[in-house]
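The next block holds one structure in the form of structure tokens; read it before the comments.
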């Protein structure tokens, strides 16, 4: 199993199980060492305090792993849930595990499971696009745009002008021009004297 998928809170729970089953003479409330603070007060450090401090630090690492994109998968959440279920069962069923220290360690495993679920749901609902770095932005070549020749406009076909139907004017056919010639003479025997015309009667005297 890789370190990414390994539930880190299993470490303090395993140490507690080793102490309970393999070291029956060791008590968690017995001070291991005594530290003198700057105020002059003496702080007795017990094995229970060390296990709780270790559990808090490992929970911080679990949250940091879960905050990375793609770091927590479904198997990791399933392992965290199994660890919490086993710790809760031991706390409720075994008399030697019914202590405040083991209860707090079980509570830390529950927080690990819930925080992983919350971080996964947040990444799924609000995807964040990675912004390009300055080096990548500066190294990227600037796009060059070449002018595209405009297509030649097709020649406009001559549009015949047509008059609206209510303004149609009749077109007169051009008169045929005939060459000039002698005008025909119309014979009028009563108007023009000529050859073969009967003599006019004499005018009565005035």
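Being farther than 16 Å from residue 118 by Cα and out of contact with any strand residue (DSSP E or B) (no Cβ under 9 Å at 6 or more places or on another chain) narrows it down to one of 51, 47, 35, so name that one.
From the options 51, 47, 35, the qualifying one is 51.
Filter segment 53-78 for residues that are at pLDDT 90 or above and either part of a strand (DSSP E or B) or in contact with a helix residue (DSSP H, G or I) (Cβ under 6 Å, 6 or more places away or on another chain) (or both); which is surrounded by the most Cβ atoms within 10 Å (Cβ to Cβ)?
Per the criteria, the residue is 55.
The values are calculated or read from the model by the stated rules, or taken from the named source; none is laboratory data. Because the structure is predicted, anything quoted here is derived from the model rather than measured. As a convention, Cβ positions derive from the backbone with ideal geometry for all residues, glycine included, and neighbour counts pool all protein chains shown.
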